[in-house]
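As structure tokens, the structure follows; a few thoughts come after it.
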Amino acid sequence: MRVTINGGGEGLRESLGSVVDVVPGDDKDATLVVTVGEEPLSAAAAHSEQRPVVPVGLDAAWSPSCEALPELLASLADRSVPTVDARPLVVSVDGAQSTAAFDTTLVTSEPARISEYAVSVGSRPHAAFRADGVVIATPLGSHGYTRAAGGPQLAFGTGLAVVPIAPFATIADTWVVEPPLSVSVERETAVSVFADTEGIATGQSGLTVDIETAPPLAVVDHRRL
């Protein structure tokens, strides 16, 4: 098995060298991609990686630790690689598009400011609320900021989590919806839009963010081995 590793240090590469054939990141003959941390996985989504991906070192039950990786790869050496489909987001704002593996966030640009957001699923109005912001997460991203904001952790193959951030309400709702969806800003308050951690737009009332899913990443969920 030829494996390329994005992220991590030389120590990890050395520890895997006795188990699999570790090759440079630009080696097109690699049959498996290991990503260490969030940024390399975001990059894999951005360039539509076609090979199976093992996301390592994330705070999620499906992500193995670096220490467990040699044993995991050894178990894959003589078998087909079992994967699940993980669909990144395609985020469109004012005609420009970005890709997010984990989540898209709209948040007020100034601290301690509140705005109002409207969510539509397909062409149907779904919800409106006042909050500091809103985060829309894939199953890959639902273990992160969405969970900290009170959202659910999603299984692969389910929808997207829509979670208000610091909502101006006694009882706050969250939703799991099927894409496509859109989120619009309904108040004259400056709002910033992020695809994963990349800032992609700012705007006020009338700003609309359209969200749909991209072709899937083939992710190795080590719990299935």
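The values are calculated or read from the model by the stated rules, or taken from the named source; none is laboratory data. None of these values were measured; they are calculated from a predicted model. All Cβ positions, glycine included, derive from the backbone under ideal geometry; neighbour counts span all protein chains shown.
Of all residues in the stretch 154-180, those that are touching a residue at least 24 places away in the same chain (Cβ under 8 Å) and either polar (S, T, N, Q) or out of contact with any strand residue (DSSP E or B) (no Cβ under 8 Å at 6 or more places or on another chain) (or both) total 1. Being aliphatic (A, V, I, L, M), out of contact with any Asp or Glu (no Cβ under 7 Å at 6 or more places or on another chain) and not assigned by TED's automatic domain parsing to the domain that holds residue 179 is a property that residue 96 lacks.
Every test in (1) loosely packed, with under 13 Cβ neighbours inside 10 Å; (2) in contact (Cβ under 8 Å) with a residue 40 or more places away in the chain; (3) part of a helix (DSSP H, G or I) is passed by residue 45 save one, and that test is (1).
Among the residues of the stretch 17-71, those identified as more than 22 Å from residue 225 (Cα to Cα), under 13 Å from the mean Cα position of the chain (by Cα) and among the hydrophobic types (A, V, I, L, M, F, W, C) are 43, 44, 45, 46. Among the candidates 149, 190, 131, the residue that is crowded, with 18+ Cβ neighbours inside 10 Å, modelled with pLDDT of 95 or more and small (Gly, Ala, Ser) is uniquely 131. For the stretch 166-185, does any single residue satisfy the condition of being assigned to a loop (DSSP other than H, G, I, E, B), aromatic (Phe, Trp, Tyr), more than 26 Å from residue 81 (Cβ to Cβ) and not assigned by TED's automatic domain parsing to the domain that holds residue 73? Yes, the conditions are met somewhere in the stretch 166-185. The residues of the stretch 50-79 that are of a type outside the set (A, V, I, L, M, F, W, C) and surrounded by fewer than 14 Cβ atoms within 10 Å (Cβ to Cβ), listed by number, are 50, 59, 65, 67, 71, 75, 78, 79. Condition (residue is crowded, with 20+ Cβ neighbours inside 10 Å, farther than 24 Å from residue 189 by Cα and either of a type outside the set (Lys, Arg) or in contact with a Phe, Trp or Tyr (Cβ under 7 Å, 6 or more places away or on another chain) (or both)) applied to the stretch 103-121: is it met by at least one residue? Within the stretch 103-121, not a single residue is crowded, with 20+ Cβ neighbours inside 10 Å, farther than 24 Å from residue 189 by Cα and either of a type outside the set (Lys, Arg) or in contact with a Phe, Trp or Tyr (Cβ under 7 Å, 6 or more places away or on another chain) (or both). Of the numbered criteria (1) touching a helix residue (DSSP H, G or I) at 6+ places or on another chain (Cβ under 6 Å); (2) part of a loop (DSSP other than H, G, I, E, B); (3) farther than 17 Å from residue 20 by Cα, the one residue 99 fails is (2). Applying the condition of being hydroxyl-bearing (Ser, Thr, Tyr) and outside any helix (DSSP H, G or I) to the stretch 1-31 and asking which residue is surrounded by the fewest Cβ atoms within 10 Å (Cβ to Cβ) yields 18. Going by the conditions given, is residue 37 more than 25 Å from residue 97 (Cβ to Cβ) and either in the same structural domain as residue 18 (by TED's automatic domain parsing) or not aromatic (Phe, Trp, Tyr) (or both)? So residue 37 fails the test. For the condition assigned to a loop (DSSP other than H, G, I, E, B) and modelled with pLDDT under 95, residue 64 qualifies.
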